Amino acid sequence: MSRFAAEFFAQSPALLYPIIALVLFFTVFLVVIIRVMRMSASEAEHNARIPLEEELEVPHE
């Protein structure tokens with residue numbers, strides 16, 4: 001990397017946004033993984049059956 005680019009990126013406040021986005025992504029990812037790992041078997045069974053349940057007919061206007 002050139003000296004100009006290295007200095008630009010070292011002083012650029014715009015680099016804060018991708019770092020915040022990365023931290024936010026991993027935080028949400030870890031929360032979802034932890035929630036799934038702590039889910040009870042009955043809750044997992046209920047969630048697995050959701051696509052197979054009959055849907056109520058909603059009349060279209």
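Taking the criterion of being modelled with pLDDT under 90 and among the aromatic types (Phe, Trp, Tyr), the only residue of the stretch 13-30 that qualifies is TYR17.
Taking GLU54 as the residue in question, decide whether it is out of contact with any helix residue (DSSP H, G or I) (no Cβ under 6 Å at 6 or more places or on another chain), modelled with pLDDT under 85 and in a loop (DSSP other than H, G, I, E, B). Before you say what the answer is, go through the steps one by one.
Details: out of contact with any helix residue (DSSP H, G or I) (no Cβ under 6 Å at 6 or more places or on another chain): yes; modelled with pLDDT under 85: yes; in a loop (DSSP other than H, G, I, E, B): yes.
Judged against the criteria, GLU54 is a match.
The values are calculated or read from the model by the stated rules, or taken from the named source; none is laboratory data. Everything numeric in this text was worked out from a predicted model, so none of it was measured. Counting neighbours? That spans all protein chains shown, and the Cβs are built from the backbone with ideal geometry, glycine included.
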